[in-house]
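S.K.: First the structure, then my questions, so here it is.
What follows is calculated from the coordinates using simple rules that are stated; it is not laboratory data. None of the values given here were measured: they were computed from a predicted structure. Virtual Cβ from ideal backbone geometry, glycine too; neighbours counted across all protein chains shown.
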Amino acid sequence: MASGFSDAESSTLTSVLDEIIPPSRDGKLPGAGELGLVDYIADAVEKSPDLKPAILEGLSTLQDLSGGRSSDGFSALSKNEKAELLKELATTSPAFLPGLTYQTYLGYYQHPRVLEGLGIPGRPPHPKGYELEVGDLGLLDPVRARPKRYREC
Amino acid sequence: MPDEVVDVLIVGSGAAGAALAWSLADTRMKIVCLEQGDWMDPAKYPTTAMDWQLRGFGDMGLSPNGRGRPEDYPINDSESPIHVSNFNAVGGSTILYAAHFPRFHPADFKVRTLDGIADDWPIDYRLLEPYYDENARMMGVAGLEGDPAYPPKKPTLPPVPLGKLGETLGRGFNKLGWHWWPSDSAIATREYEGRAPCINLGPCITGCAQGAKASTDVTYWPVAVRRGVELWTRCRVREITVDENGMADGVLYYDAEGVERKQKAEVVVVACNGVGTPRLLLNSVSSHFPDGIANRSGLVGKNLMFHPYAMVMGLFDEPLEGYKGPTGCCIMSQEFYETDPSRGFLRGYTMETLRGMAPLSTALWGMSSGQLSSGEGHHESYQQLWDRTAGMVVICEDLPEECNQVTLDPELEDGNGIPSPRIDYRLSENSKKMLEHCVARGKEVLEAAGARKTYAEAPLGVAGWHLMGTARMGTDPQKSVVNEWGRCHDVKNLFIIDGSIFVTAAGVNPTNTIQALSLYIADKIKQNLANLFD
């Protein structure tokens, strides 16, 4: 449990992450589960006293609910079964999914593979920066043609 | 130097303090600046690491109340719809500003005469013009000559790139026949005075790792220090002290170890911004000044002006490459800047277009606005938003009102036990009408540019970037705190040089004017050295 979650919790969480952000149909963008965001979520949970009980309780509830359907847990369930359980969880543990979804977005949309999938370099902006066209300053011709717009005083 | 009396002691190393220190260095006087923050290391700015998108919400965020940096002081702004944004380091809030660098208009100094409200400044545009020019040389201002919204001025550098986003919005303004122009920006668009050129990193407002943005730690300060000015960091001033005649004789401050120290000075200059300056003055109580130093008028802390901001965003069909380029600097419009009473309000505003959102901001905005779904359909809904946003912030002129004020909070303190400021501020009816008008006009121009959907937030709560008016300038000691060259009416060796001394706020970002004023005041000090205290 290097992440701070037990193996069972990690497995369930990975599977839930893929439900929040599944892989894109064109294959350009990975699912959140396969990006290894469990460590990121674990770190966020440790830093947030408000989030921690909601996530731990939600995972526990999800494992209990899954156990009634499959001995292999949440990750072994069908797509529909997972959706049903997450819907149920939204009622029994209302803080779980919003908190987890927020943290998932934070981790996912900073990941180099995701940036590349969106068509931008998977690196920090500095030191390479980006090219940007100066643009057509001739568009200002109608503005130049207008009279001055300030009051003399 | 516990017993040495320095000639000039400056409190605060931001936009104003840096410019004044540089200018006064000519005199070879002993000049010391005390700064509660430290030098920033640009190699550690967010854009150098993969978490660059998130750190703007954390240790490099706008609010001193949320950053968790020990050099910050907390501010109670719970009684204000606009929350203070600042930064405490060498360079002050220029570390985080967007570097939008417009000048005031000539009419901004004559508000009472022209529009019958507020007050005129005791100085005018023509007087400040050479200082604007000097400041442009020192900071390096990118822009384009010929803007019909301004008297002639020559930018020092080529304008920031329009990019596809700027062109798209420019066409929208043209369709309506409205004014627009590339923004004056304190950004080195080519190598300038040892600063590397802008490489379009994006988030200028979390510090510029390239050094292209003109924060004063990379412009004025290196030169001032080479000329002999001493800049002491991690020194937090508690109060200005006075001698038996009621003249300022120095300050009490806490050093980096928290040890209280006294520094004596012949002249004290306060440059702590429109909130930090009244806080320091009000904390400086003595038998001569029981209500705070230089406060016989009772106006220290009064007339606080923010700029009420609106944010108007549009969603476009085509990618706009909006993640590239200086966040806050692209093009601006002053179509609605000068007063037109038929609009239902006096004074006016500037539209300042923004670049688009980074990937994470896109997701968070999509989540909060209910446009981004999770689960199946997530990517499809995200692609509707990603790189399709463009918009603007609209900066409305605020007017001075005594009820909008900075006082000392009875309970809140900083890490050294110094009472913190409390803000009481409400929007005026004039501001509300102006905000309503600018949101409608903002949506109109975005739709003209091709936006299929528009969004607005007004007032923008996080936008307390501009802090002005709390130690106003004037010739009448009953109605102002400092005279027409920044000297306190009540204490003739105490000067104030930041946005506190603004009489009115104009409808543009204030940094350029703060620095022009600072250079002007420095010149007045130099010209009057022989009889400075008369």
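S.K.: Using a ≥ b ≥ c from the Cα gyration tensor of segment B:74-188 (square roots of the eigenvalues), is it rounded, prolate or oblate, where a/c under 1.5 gives rounded and otherwise the larger of a/b and b/c decides, a/b for prolate? Walk me through the numbers before you get to the answer.
M.R.: Working: a/c = 1.32, a/b = 1.14, b/c = 1.16.
Taking the square roots of the gyration eigenvalues as a ≥ b ≥ c, segment B:74-188 is rounded.
S.K.: Just to confirm a number: summing +1 for Lys and Arg and -1 for Asp and Glu over residues other than B:G314 whose beta-carbon lies under 10 angstrom from that of B:G314, what do you get? Display every interim value, and only then the final one.
M.R.: On the way: positive: B:R388, B:K443, B:R452, B:K453; negative: B:E447.
Result for the neighbourhood of B:G314: +3.
S.K.: Tell me, what is the percent relative contact order of chain B, built from C-alpha pairs under 8 Å that lie six or more residues apart? Show your work: numbers first, answer last.
M.R.: On the way: 1356 pairs, mean separation 121.9, N = 534.
Relative contact order comes out at 23 percent.
S.K.: What translational diffusion coefficient, to the nearest whole µm²/s, does chain B have by Stokes-Einstein, given a Kirkwood radius computed over alpha-carbon pairs, a temperature of 37 °C and 0.692 mPa s viscosity?
M.R.: 141 µm²/s
S.K.: By how many degrees, 0 to 90 and rounded to 10, does the Cα axis of helix B:273-283 deviate from the longest principal axis of chain B?
M.R.: Once rounded, the angle reads 30 degrees.
S.K.: Which helices, taking whole DSSP H runs in chain A, have alpha carbons extending 15 angstrom or more along the helix axis plus mean Kyte-Doolittle at least 0.0?
M.R.: Numbers: long enough: A:7-20 (20 Å, 0.02); A:51-67 (24 Å, 0.36); A:79-92 (20 Å, -0.86); A:96-108 (17 Å, 0.23).
Helices meeting the span and hydropathy rule in chain A are A:7-20, A:51-67, A:96-108.
S.K.: Can you give the convex hull volume of the alpha carbon atoms of segment A:7-123 per residue, in Å³? Before the final figure, lay out each step's value.
M.R.: Values: hull volume 11.3 nm³, N = 117.
Here the figure is 97 Å³ per residue.
S.K.: Just from its helices, what would the mean residue ellipticity at 222 nm be for the protein assembly as shown, if runs of 4 or more DSSP H residues each count -39500 (n - 2.57) and the sum is divided by every residue, rounded to the nearest 500 deg cm²/dmol?
M.R.: Numbers: 18 runs with 197 residues, N = 687.
The helix contribution divided over the protein assembly as shown gives -8500 deg cm²/dmol.
S.K.: Further, regarding this structure: I'd like to know which of B:L231, B:G499, B:P155 lies farthest towards the positive end of the charge dipole of chain B, counting +1 on Cβ of Lys and Arg and -1 on Cβ of Asp and Glu.
M.R.: B:P155
S.K.: Give me the log10 of I(q) over I(0) for segment B:228-316 at q = 0.25, 0.26 Å⁻¹, as the Debye formula computes it from C-alpha points; what are the numbers?
M.R.: Relative scattering, expressed as log10 I(q)/I(0), comes to -1.34, -1.39.
S.K.: What is segment B:46-121 by shape, rounded, prolate or oblate, if you read a ≥ b ≥ c off the alpha carbon gyration tensor as root eigenvalues and call it rounded for a/c under 1.5, prolate for a/b larger than b/c, and oblate otherwise? Working shown, then result.
M.R.: Details: a/c = 3.05, a/b = 1.94, b/c = 1.57.
The shape class here is prolate.
S.K.: Provide the packing ranking of B:149-156, B:21-28, A:14-21, i.e. peptides ordered by the mean count of other C-beta atoms within 10 Å per residue, highest first.
M.R.: For the peptides B:149-156, B:21-28, A:14-21, the packing ranking is A:14-21, B:21-28, B:149-156.
S.K.: While we're looking at this one, here's another question. For segment B:305-351, calculate the relative contact order in percent as a whole number, restricting contacts to Cα pairs under 8 Å that are 6 or more residues apart.
M.R.: Details: 24 pairs, mean separation 12.2, N = 47.
Rounded, it is 26 percent for segment B:305-351.
S.K.: Please give, to one decimal in nm, the separation of the simple spin-label points placed at B:D424 and B:D59, each 7 Å out from Cα toward the Cβ.
M.R.: Placing both labels 7 Å beyond Cα along the Cβ direction yields 3.8 nm.
S.K.: Next up: Of the options B:L346, A:L13, B:G17, report the single residue whose Cα projects farthest towards the positive end of the charge dipole of the protein assembly as shown (beta-carbon charges: Lys, Arg +1; Asp, Glu -1).
M.R.: Toward the positive end, the furthest listed residue is B:L346.
S.K.: Could you list, in their original order, any pairs among B:K110/B:K154; B:K302/B:K433; B:K324/B:K453; B:K302/B:K479 whose Cα atoms are separated by more than 18 Å? Could you put the intermediate results ahead of the total?
M.R.: Values: B:K110/B:K154 24 Å; B:K302/B:K433 23 Å; B:K324/B:K453 22 Å; B:K302/B:K479 11 Å.
Cα-Cα > 18 Å for B:K110/B:K154; B:K302/B:K433; B:K324/B:K453; rest within.
S.K.: Shifting gears a bit: For peptide B:190-200, what's the mean number of Cβ atoms from other chains within 10 Å of each residue's Cβ? Intermediate results must be reported in sequence, preceding the final value.
M.R.: Working: counts 0, 0, 0, 0, 0, 0, 2, 1, 2, 8, 5.
Rounded to a whole number, the mean comes out at 2.
S.K.: Which value, in debye to the nearest 20, describes the size of the charge dipole of segment A:7-123 about its Cα centre when Lys and Arg Cβ atoms bear +1, Asp and Glu Cβ atoms bear -1, and nothing else is charged? Write out the running numbers ahead of the final one.
M.R.: Numbers: 10 positive and 17 negative charges, 86 e Å.
That gives segment A:7-123 a dipole magnitude of about 420 debye.
S.K.: Ordered by packing density, taken as the mean number of other Cβ atoms within 10 Å over each peptide's residues, highest first, how do B:207-218, B:495-506 rank? Numbers along the way, then the final one.
M.R.: Values: B:207-218: 26.8, B:495-506: 29.1.
Ranked from most to least packed, the peptides come out as B:495-506, B:207-218.
S.K.: If you don't mind, another one. Please state the charge dipole magnitude for chain B, taken about the Cα centre, from unit charges on C-beta atoms (+1 on K and R, -1 on D and E), reported in debye and rounded to the nearest 20.
M.R.: Here the size comes out at about 920 debye.
S.K.: Going by Cα centres, segment B:187-209 and segment B:507-534 are how many Å apart?
M.R.: 28 Å
S.K.: Calculate I(q)/I(0) for the protein assembly as shown by the Debye formula, one identical point scatterer on each C-alpha and no solvent, and give its log10 at q = 0.06, 0.08 Å⁻¹ to two decimals.
M.R.: -0.37, -0.64
S.K.: Expressed as an acute angle from 0 to 90° and rounded to the nearest 10, what is the orientation of the C-alpha long axis of helix B:359-368 relative to the principal long axis of chain B?
M.R.: 80 degrees
S.K.: Treating each Cα of segment B:297-343 as an identical point scatterer and ignoring solvent, apply the Debye formula and state log10 I(q)/I(0) at q = 0.14, 0.16, 0.23 Å⁻¹.
M.R.: -0.71, -0.83, -1.10
S.K.: Here is a further query. Listing B:V275, B:V32 from the residue with the fewest other Cβ atoms within 10 Å to the one with the most, what is the order? Mind showing how you got there, number by number?
M.R.: On the way: B:V275 28, B:V32 20.
So the ranking, lowest neighbour count to highest, is B:V32, B:V275.
S.K.: A further question follows. Give a residue-ordered list of calculated ³J(HN,Hα) values for segment B:83-94 (Karplus: 6.51 cos²θ - 1.76 cosθ + 1.60, θ = phi - 60°; whole Hz; x for Gly, Pro).
M.R.: Once θ is set to phi - 60°, the couplings for segment B:83-94 become 10, 5, 10, 7, 8, 10, 5, 5, x, x, 6, 5 Hz.
S.K.: If you don't mind, another one. Using the number of other C-beta atoms within 10 angstrom as an exposure proxy, rank B:T48, B:T189 with the fewest first. Let's see the in-between values first.
M.R.: Working: B:T48 19, B:T189 22.
So the residues, fewest neighbours to most, are B:T48, B:T189.
S.K.: Mind giving me the FRET efficiency for A:D136 and B:S286? R0 is 60 Å, r the Cβ-Cβ distance, nearest 0.05 is fine.
M.R.: Working: r = 62 Å, r/R0 = 1.03.
With R0 = 60 Å, the Cβ-Cβ based efficiency is 0.45.
S.K.: Just counting partner chain Cβ atoms within 10 Å, what average do the residues of peptide A:109-115 show around their Cβ? Mind dumping the intermediate values first?
M.R.: On the way: counts 11, 10, 2, 1, 0, 3, 6.
Across the residues of A:109-115, the mean count of other-chain Cβ atoms within 10 Å is 5.
S.K.: Radius of gyration and Dmax for segment B:1-107's Cα atoms, expressed in Å?
M.R.: 16.9, 48
S.K.: Short version: ³J(HN,Hα) in whole Hz for each residue of segment B:321-338, in order, from phi by Karplus 6.51 cos²θ - 1.76 cosθ + 1.60 (θ = phi - 60°), x for Gly and Pro, what are they?
M.R.: 6, x, 6, 9, x, x, 3, x, 10, 8, 10, 9, 10, 10, 4, 10, 8, 7
S.K.: May I ask for the equivalent-ellipsoid semi-axes of segment B:440-501, computed as the square root of five times each C-alpha gyration tensor eigenvalue and listed largest first in whole Å? Walk me through the numbers on the way to the answer.
M.R.: Numbers: eigenvalues 368, 25, 17 Å².
Calculated on Cα positions only, the semi-axes equal 43, 11, 9 Å.
S.K.: According to the Cα gyration tensor, what semi-axes, each the square root of 5 times an eigenvalue, does the equivalent ellipsoid of segment B:470-520 have, listed from largest to smallest in whole Å? Walk me through the numbers on the way to the answer.
M.R.: Working: eigenvalues 72, 30, 10 Å².
Its equivalent ellipsoid spans semi-axes of 19, 12, 7 Å.
S.K.: Just report the Cα centroid separation between segment B:408-436 and segment B:366-397, whole Å.
M.R.: That distance is 31 Å.
S.K.: Using a 10 Å cut-off around each Cβ of peptide B:357-369, what is the average number of partner chain Cβ atoms that fall inside?
M.R.: Numbers: counts 0, 5, 10, 8, 1, 3, 10, 4, 0, 1, 4, 1, 0.
That works out to 4 on average.
S.K.: So, in nm, how far is label B:L532 from label B:L252 when the simple model puts each one 7 Å beyond its Cα toward the Cβ?
M.R.: 2.4 nm
S.K.: Suppose every Lys and Arg Cβ carries +1 and every Asp and Glu Cβ carries -1, with no other charges. What dipole size does the protein assembly as shown come out with about its Cα centre, to the nearest 20 debye? Could you put the intermediate results ahead of the total?
M.R.: Values: 65 positive and 90 negative charges, 333 e Å.
Computed charge dipole of the protein assembly as shown: roughly 1600 debye.
S.K.: Compute the length gained on full extension between A:D72 and A:K47: take 0.36 nm times their separation in residues and subtract their Cα-Cα distance, giving the result in nm to one decimal.
M.R.: Details: separation 25, 0.36 × 25 = 9.00 nm, distance 3.02 nm.
My answer for the length gained is 6.0 nm.
S.K.: Something else: So how do B:R355, B:R296 line up by other beta-carbon neighbours within 10 Å, fewest first? Don't skip to the answer; put the middle values down first.
M.R.: Details: B:R355 28, B:R296 18.
Least crowded to most crowded, the residues run B:R296, B:R355.
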